[in-house]
1. What FRET efficiency comes out for ASN244 versus SER116 if R0 is 30 angstrom and r is the Cβ-Cβ distance? Round to the nearest 0.05.
2. What distance in nm separates the simple spin-label points at LYS103 and LYS223, each placed 7 Å from Cα in the Cβ direction?
3. Please work out how much length the chain gains when fully extended from LEU32 to ILE16, using 0.36 nm per residue of separation minus the C-alpha to C-alpha distance, in nm with one decimal.
4. Within straight cross-link reach of LYS252, meaning Cα distance under 17 Å, which aspartates and glutamates are found once same-chain residues fewer than 8 apart are removed?
5. Checking the table LYS91/LYS123; LYS223/LYS262; LYS101/LYS281; LYS101/LYS243 against a 28 Å threshold on Cα-Cα, which pairs fail?
6. Given a 1.4 Å probe and every protein chain left where it sits, what share in percent of the accessible area of the range 29-295 is carbon and sulfur?
7. What whole-number value in Å² describes the accessible area per residue of the chain for a 1.4 Å probe?
8. As an exercise, find the ratio Rg/Rh for the chain from alpha-carbon atoms, using the Kirkwood inverse-distance average for Rh.
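The values are calculated or read from the model by the stated rules, or taken from the named source; none is laboratory data. Treat the numbers as computed from the prediction; the structure is a model and nothing was measured. Backbone-built Cβ (ideal geometry, glycine too); neighbour counts: all protein chains shown. We work out accessible area using only protein heavy atoms, side chains counted, and drop any ligands, DNA or RNA first. Shrake-Rupley method; radii C 1.70, N 1.55, O 1.52, S 1.80 Å.
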Amino acid sequence: MSWELLLWLLALCALILSLVQLVRFLRADADLTLLWAEWQGRRPEWELTDMVVWVTGASSGIGEELALQLSKLGGSLVLSARRVQELERVKRRCLENSNLKEKDILVLPLDLTDTSSHEAATKAVLQEFGKIDILVNNGGRSQRSLVLETNLDVFKELINLNYIGTVSLTKCVLPHMVERKQGKIVTVNSISGIASVALSSGYCASKHALRGFFNALQSELMKYPGITFCNVYPGPVQSDIVKNALTEELTKPNKCMDQSYKMPTSRCVRLMLISMANDLKEVWISEHPVLLGAYLWQYMPTWSLWLTSRLMKKRIENFENNLDPDLPYKFLRTKKD
Ligand SMILES: NC(=O)c1ccc[n+]([C@@H]2O[C@H](COP(=O)([O-])OP(=O)(O)OC[C@H]3O[C@@H](n4cnc5c(N)ncnc54)[C@H](OP(=O)(O)O)[C@@H]3O)[C@@H](O)[C@H]2O)c1
């Protein structure tokens, strides 16, 4: 075979490989490190069995699904949120769908904004199970309102719940993990903690704050290699997040529903478990175009701000006219709707 032919063959292989990677990226529903781990990494079924896992925000959405999938892996669960009846419902679902026994699941009501109760809640978990292997900071609320029309109380509530509440509970659990020299803190952040969007300014701020806090904390705890962190950044996922979003006033319910396509909760949670099993430190779980937006935001911030401002113009207009803010992006909806 001549050298020229060999070079052509090599170039063709490189082209095919690049095309395969491009197709992979276009079909991706998470960052490439996470997808690589899913493809060839450690499975949750091998790594996350027989653990004591404390999940906040377990009464609906991502937290509920996480409780369900964790229950199938065995171990013990602590389910926390404010609505006890909903937590009991989730507990029943877990017991029906797994081999866990009544004693393996503790329903522990908890208001993340009531930081004075967090120490006692932590003691209650330790008393019941003797250890906490994994804390999943998942509870939180979003926002649908414009800055100019939103009371300061709403911004305070978002910071108190999403940021201070999470920091407070983490600080209560950490001394126990430091003492054992092991443990894992999983924090459900959001793509809004990387890239900001209109109508969610206070929510984005609280999630950006979480990002800063946990990245700094990871460095501070380097001397405890057995304590690991996993910061999860989901894009739009099916849940009650929009229904429960805060609005211009603390007591005003949100009537403005987004109806764009969202990732199934079960897929998001499966990817979260893979991230936890593989000790991934930061994962992005989203389909395009939100995933592509996150990459652009990282590498081309000025362009991204320019583009986002233009995309958000119609969204804000619709919101002001009491329409689905995502109407202009109908073309992004997929067959899976
Ligand atoms: N779904 C998405 O598109 C998406 C995208 C990115 C990030 N996230 C993040 O995912 C996490 C879970 O949200 P979700 O989508 O599953 O929404 P969800 O269905 O509304 O669940 C939110 C959970 O947080 C709990 N919660 C709210 N206020 C609380 C408080 N003061 N104290 C304790 N718990 C409280 C709720 O329970 P109670 O009302 O019973 O207290 C509920 O269990 C949030 O941190 C959210 O920011 C969601």
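1. Working: r = 24 Å, r/R0 = 0.79.
For ASN244 and SER116, the calculated efficiency is 0.80.
2. Here the answer is 3.9 nm between the modelled labels.
3. The span from LEU32 to ILE16 would gain 3.9 nm if fully extended.
4. GLU149, ASP153, GLU157, ASP240, GLU320
5. Numbers: LYS91/LYS123 21 Å; LYS223/LYS262 39 Å; LYS101/LYS281 32 Å; LYS101/LYS243 33 Å.
Beyond 28 Å between Cα atoms: LYS223/LYS262; LYS101/LYS281; LYS101/LYS243.
6. Working: 5910 of 11260 Å².
Ligands and nucleic acids excluded, carbon and sulfur reach 52 percent.
7. Ligands and nucleic acids excluded, the figure is 51 Å² per residue.
8. Working: Rg = 21.4 Å, Rh = 21.3 Å.
Checking Rg against Rh, the ratio lands at 1.01.
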